1. Using 1/(1 + (r/R0)^6) with R0 = 35 angstrom and r between the beta carbons of residue 64 and residue 85, what's the FRET efficiency to the nearest 0.05?
2. For a label point 7 angstrom out from the Cα of residue 246 toward its Cβ, which stretches of the range 165-185 have the backbone nitrogen within less than 19 Å?
3. Under a point spin-label approximation (7 Å from Cα along Cα-to-Cβ), what is the residue 198-residue 125 distance to one decimal in nm?
4. Going by C-beta contacts inside 10 Å, put 57, 124 in order with the fewest on the left.
5. List every residue whose amide H lies under 5 Å from the amide H of residue 189, counting only residues 5 or more places away in sequence or on a different chain, with H placed 1.01 Å from N in the peptide plane.
6. Using θ = phi - 60° and the Karplus curve 6.51 cos²θ - 1.76 cosθ + 1.60, what whole-Hz ³J(HN,Hα) does each residue of the range 118-130 get, with Gly and Pro shown as x?
7. State whether the range 139-271 is rounded, prolate or oblate according to the following rule on the C-alpha gyration tensor (a ≥ b ≥ c being the square roots of its eigenvalues): a/c under 1.5 gives rounded; otherwise a/b larger than b/c gives prolate, and the remaining case gives oblate.
8. Subtracting the Cα-Cα distance from 0.36 nm times the residue separation, let me have the gained length for residue 184 to residue 297 in nm, one decimal.
Amino acid sequence: MSTTTAPTLSHASSGVTDEPMDDKPVLLAVSYLRVSTREQAERGGTDEGFSIPAQREANQRKADELGARIVREFIDAGESARSADRDGLKEMLAFIAASRVQFCLVHKLDRLARNRADDVKIHEALINAGVTLVSATESIDQTPSGMLVHGIMSSIAEFYSRNLAAEVTKGLSQKVAQGGTPMRAPIGYLNVRRTDEQGREIRTVEVDPERAPLIAWAFEQYAKGETSVTGLLRDLTARGLLTVPTPKRPSKALGKNTLYKLLTNPYYAGVIRYKGVLYPGAHEPLIDPALFDTVQSLLRARTAKMTRHVQHAHHLKGLLHCGTCGSRMLLDFATNPAARPTPTSSAPAAPPRRRAARGGRCPLRSRNAWLRIPTRASRSAMRRTGTSPQRSMPHSTRAWRAVTKR
């Protein structure tokens, strides 16, 4: 989550003052602070952790050296620098473009970006706004040597980020190959941390004594074939099954999609699915593999039964187009309250690429744009009743409408 301070910082803890320095023109600066994870932002039980205040103090010392006054501070708490899609960063660039500041202060270049392409774009935006990027701990400037150092440091930051991601992935792959859980344990289990005799921290997974019996009961009930996912969800909620609370999210009842994912998760049968591959897990299973297979068979059977395969054949299929916007005409059936298939709505607008060339929306959208083509049964009915083809067709009429083929 990203936050931005008030337009002007005047509290004593930040060291920002509003008093002009001597008779020299006042130089203005903005300060950008960032930590990668939410845990860093909340470490020590404080609202900002330890890193944010340390970065703020370093930036303030650098501003004092430059004789500049920090007029605004931008914070991205728990945001990765591998992407430039950060609220605090975007607000800072917009503020710089609309104001007259001379410096952008960061603790290190990797606080601003860990991607070389993003670093170039951000630096270009600062240069276009007439703002100088200043690092509180690194010697970079607009000289050729300073630009060289900037490029080297930016490349090192990108290498560090990519190498760290590769090492983490390698470690997780090795962990799951040994039966460990490389992700947050699903409901019914708890992630726990222990310390062995040598003082080493061990992260493992244990059965949740409160929720595990309800999970096992859910599989057994669904395997009987007497209930649906919706009915099972209602029974589990009545029995008190709730999610595990977190510091930010309280416990709540499961949703239908969550329950469906639960029933299809092989983790409960002792198998870990990681990146599409199944591995035998070292954790304690809650159900037998045979019970899990039975539930999967029932789920697949009901899904196949609910799948609709509808195909409307017509001799004009694929041949008709709207004469106004050029959109394809598709065969459409609709049912009114009397259970009669009838045309319902007007034609949609032309596709976006055609709107500009055609002068906006298709005018047929604002009125009934159905092309009614009688079928063999409706033609027979018209001959018997003397109904005109221009009037409303019987219930067997097929309607075509102008729609965009996606």
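Readers should treat all values here as calculations from the given coordinates under stated rules, not as data from a laboratory. Note that the structure is a prediction, hence the values are computed from the model and not measured. Here the Cβ is made from the backbone with ideal geometry for all residues, glycine too, and neighbour counts use every protein chain on show.
1. Values: r = 32 Å, r/R0 = 0.93.
Efficiency, from the Cβ-Cβ distance: 0.60.
2. Only 181-185 pass the distance filter.
3. Distance between the two pseudo-spin positions: 4.8 nm.
4. Values: 57 15, 124 10.
Exposure proxy ranking, most exposed first: 124, 57.
5. 208
6. Working through the residues one at a time gives 5, 4, 5, 5, 5, 5, 5, 5, 5, 5, 5, 8, x Hz.
7. Working: a/c = 2.99, a/b = 2.29, b/c = 1.31.
Since a/c reaches 1.5 and a/b is larger than b/c, the shape of the range 139-271 is classed as prolate.
8. On the way: separation 113, 0.36 × 113 = 40.68 nm, distance 2.67 nm.
Extra length from residue 184 to residue 297 when fully extended: 38.0 nm.
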